[in-house]
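What follows is a set of notes on a single structure, which appears directly below.
Bear in mind that the values in this text are calculations on the coordinates, not laboratory data. Quantities reported herein were computed from a predicted structural model and do not represent experimental measurements. Cβ: placed from backbone, ideal geometry, glycine included. Neighbour counts: every protein chain shown.
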Amino acid sequence: MKILIVSWEYPPVVIGGLGRHVHHLATELVAAGHEVVVLSRRATGTDPSSHPTTDEFAEGVRVVAAAQDPHEFTFGTDMMAWTMAMGHSMLRAGLSIKSRGRTWRPDIVHAHDWLVAHPAIALAEFHDVPLVSTIHATEAGRHSGWVSGAISRQVHAVESWLVRDSDSLITCSASMSDEITTLFGPDLAEVRVIRNGIDTAGWPFARRAKRTGPAELLYFGRLEYEKGVHDAIAALPRIRRAHPGTTLTIAGEGTQQDWLVAQARKHKVLKATNFIGHVDHSGLLTLLHRVAAVVLPSHYEPFGIVALEAAAAGAPLVTSDVGGLGEAVISGQTGMSCPPRDIAALTAAVRAVLDDPAATQQRAFAARDRLTAEFSWQTVASETAQVYLAAKRREREPHARRAVVERPLPGR
């Protein structure tokens, strides 16, 4: 098949797990014999007059990266204007894709999240091919079920448009499938749950060395409220009472960093909390092989690919049992889980890991075995291709897309 994947991030522009997901999916689809074009964007601040759209091959994937215009729009000033400008640039680039001097026509268009709704829907309609959408998260979910404020309402509306205009839908967890059905149903297209994968070769496993000093805990990922990093900070004083000297390393960037620093100061653990910012792959592996446990106390997590990366490297896991994390980690068997926002339960889970290194190591072995058996990218690509084929076989009436039905917003 000829597959057009539309994503707002793709290497070298990677913001979070979505970019890594699309990269692995695209390369595995190529390895399976499909022709894949990824339509993405250049880095923020690129100027189309001096940095035009690029069209090149990387790992067998044809990557068309559109320069953004006008470049002065940023998330900090007007996110919706930025998104529209990005979508306009990506659409223009998508309509210009050629093959042997002719307009290149895909068999399927695959959109990833609401930020590419405009170009993905337009390109699917222009080429009159099915639109498949992977919904990685929702605005309501990120805000604990509430949609308030002008920006959130606009994002929710665009999500509804994309979901209801899609011929097939993919989510990475059963909980995410239930979420979009509740928010945007009924009468949605078929929803297929395809879990994220992990390339275990890139995350070599290491046994835990015997600890000779204070324990080091690690959080890595985006520094946003829904990730619950502040709960790990709040639990740290209690953990240190049982395990003196324990420190928390926080790797990543995000809008809540200053607030998290303030939380560490409030709980009197600022000196025991190390904010190290963005860490490259090599540096992250060093951390994962060194720390006593990875703590991921998310309030909202459609999947949680960082949990797979940590488990692949052999790092013991302590996670909340919310969303996809609750499906990826089996508490007591492949890691330790606790309810979200429960500081006492989080403290107890971390203490259980630190108290019994032998049992912790056995859980790490079990987690690695489960990854190898159930979370391969080859499986993800194969199941995604099945969704494409099913969408192609389904009869579609030209220009007869589902109407967007007005419904009350969540939390109102």
Scaled radius of gyration (Cα, divided by 2.2 N^0.38 Å) that the chain gives: 1.00
Within the chain, percent of DSSP bridges classed antiparallel, to nearest 5: 15 percent
Sequence-distant aspartates and glutamates (8 or more away, or on other chains) whose Cα lies within less than 16 Å of Lys392: Glu35, Asp107, Glu125, Asp128, Asp165, Asp167, Glu190, Glu383
Placed amide H near Val38: partners under 5 Å, 5+ positions off or other chain: Ile5, Arg62, Val63, Val64
Calculated FRET efficiency for the pair Thr286/Arg92, C-beta based, R₀ 25 Å, to 0.05: 0.05
P(r) histogram, all alpha-carbon pairs of region 200-374 included - 10 Å bins from 0, percent: 11, 43, 39, 7, 0
Most fluctuating residue given options Ile121, Ile170, Ile330, as computed from a GNM of the chain linking Cα atoms under 10 Å: Ile330
Positive-end extreme of charge dipole, region 200-374 - chosen from Ala201, Ala348, His243 (charges on Cβ): His243
Distance (nanometres) between label positions extended 7 Å along Cα→Cβ at Ile151 and Ser331: 3.4 nm
Segment Phe365-Lys266, length gained on full extension (0.36 nm per residue, minus Cα span): 31.9 nm
Net charge over other residues, Cβ less than 13 angstrom from the Cβ of Thr247 (K, R count +1; D, E count -1): +3
Selection from Ala358, Gly254, Trp8, by position along the positive dipole direction of the chain (Cβ): Ala358
Max mean-square fluctuation residue, GNM over the chain, Cα-Cα springs under 10 Å, options Val229, Val14, Val132: Val14
Additional length obtainable on full extension of the chain from Trp259 to Thr181, 0.36 nm per residue less Cα span: 24.7 nm
Total charge dipole magnitude, the chain, about the Cα centre, Cβ charges on Lys, Arg, Asp, Glu only, Debye to nearest 20: 1000 debye
Amide hydrogen neighbours beyond the local backbone of Ala67, cut-off 5 Å, H modeled: Arg42, Thr53, Thr54
Cα centroid of region 121-145 to Cα centroid of region 216-280, whole Å: 33 Å
Extension gain from Phe57 to Ala206, taking 0.36 nm per residue of separation minus the Cα-Cα distance: 50.2 nm
For Trp377, Trp114, order by how many other beta-carbon atoms lie within 10 Å, fewest first: Trp377, Trp114
